[in-house]
Amino acid sequence: MGAGAATHGQAPSGATFSATIGAMLLEALLAYVHLAAVLAMVVFSTSQAALLRPEWLNAAAVQRLRLVDRIYLGTLAALLLTGLLRMTLGHKGMAWYGVQPLLWAKLAGLGLLAWAAIGPHRAYARWATAPTLPGAAEVSAVRRTVMRAAHGMLLIPLLATLLARGVFTR
């Protein structure tokens, strides 16, 4: 048995206990930041949908949309980064995560969310520099895109929950 390892019936040594607590704390903090990124993504997706009302849209709302959009894109990046950190630094490790179809489905879903954000992002930039506000039809079309992404986003936590519980894993 290695140095610091506990034998049957004995408590682990101080070094082993500290390493275990440190690993558990890291795992918990990574999970927390990952979940915070998910919640922030939901908040800023919802904020975009709320601001995208033709009857409410004015120059100030367009500027707010640009800010909310940037934050939303930042939450997508934070979600990807924290997920990668969980895969590489977390307990299960890259060898386990790398072969999980549900993980790849989650990443594909995240990729689709990023792809769906391109159109609204470009629209907001265009609206901010245009001499007039967009028409109701254009605003409604962008809102539909945001709403589709927001509803599709709900599948990713389902996949995460299944993965965390070992359902459909290898």
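The values are calculated or read from the model by the stated rules, or taken from the named source; none is laboratory data. Predicted model, so just to flag it, every value in this text is computed and none were measured. Using ideal geometry, Cβ is built from the backbone for each residue, glycine included, and neighbour counts are taken over all protein chains shown. We work out accessible area using only protein heavy atoms, side chains counted, and drop any ligands, DNA or RNA first. Shrake-Rupley method; radii C 1.70, N 1.55, O 1.52, S 1.80 Å.
The table that follows gives values for the structure above.
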read-out	value
Cβ crowding within 10 Å averaged over residues, with 28-35, 14-21, 72-79, 60-67 ranked highest first	72-79, 60-67, 28-35, 14-21
Test item: Cα-centred dipole of the chain, Lys/Arg +1 and Asp/Glu -1 on Cβ, debye	320
C-alpha long axis of helix 14-51 to longest principal axis of the chain, angle in °	10
Computed FRET value (nearest 0.05) for ILE118 with THR16, which takes r as the C-beta separation and R₀ as 35 Å	0.10
Reduced Cα scattering model of the chain, Debye log10 I(q)/I(0), q = 0.13 Å⁻¹	-0.73
Pairwise FRET efficiency - GLU55 versus LEU107, Cβ, R0 = 25 Å, nearest 0.05	0.10
Solvent-accessible area per residue, Å², over the chain with all protein chains present [probe radius 1.4 Å]	60
Under 12 Å, Cβ to Cβ, from ALA150 - net charge with Lys/Arg +1 and Asp/Glu -1	+3
Crossing angle, helix 59-89 versus the chain [Cα axis fit, 0-90 degrees, rounded to tens]	20
Degrees separating the helix 136-152 axis from the principal Cα axis of the chain, which is the longest one	10
Cut-off 13 Å (backbone N to label point 7 Å along Cα→Cβ of VAL99), residues of region 141-170	169-170
Average projection area in nm² (convex hull over Cα atoms of region 73-170, one quarter of hull surface)	6.9
Unit charges at the beta carbon, dipole of the chain: most positive-side option, HIS121, LEU158, THR20	HIS121
GLN63-LEU133 pseudo-label distance in nm [points 7 Å out on the Cα-to-Cβ vector]	1.5
4 °C / 1.567 mPa s Stokes-Einstein diffusion coefficient of region 10-104, Kirkwood radius on C-alpha pairs, µm²/s	81
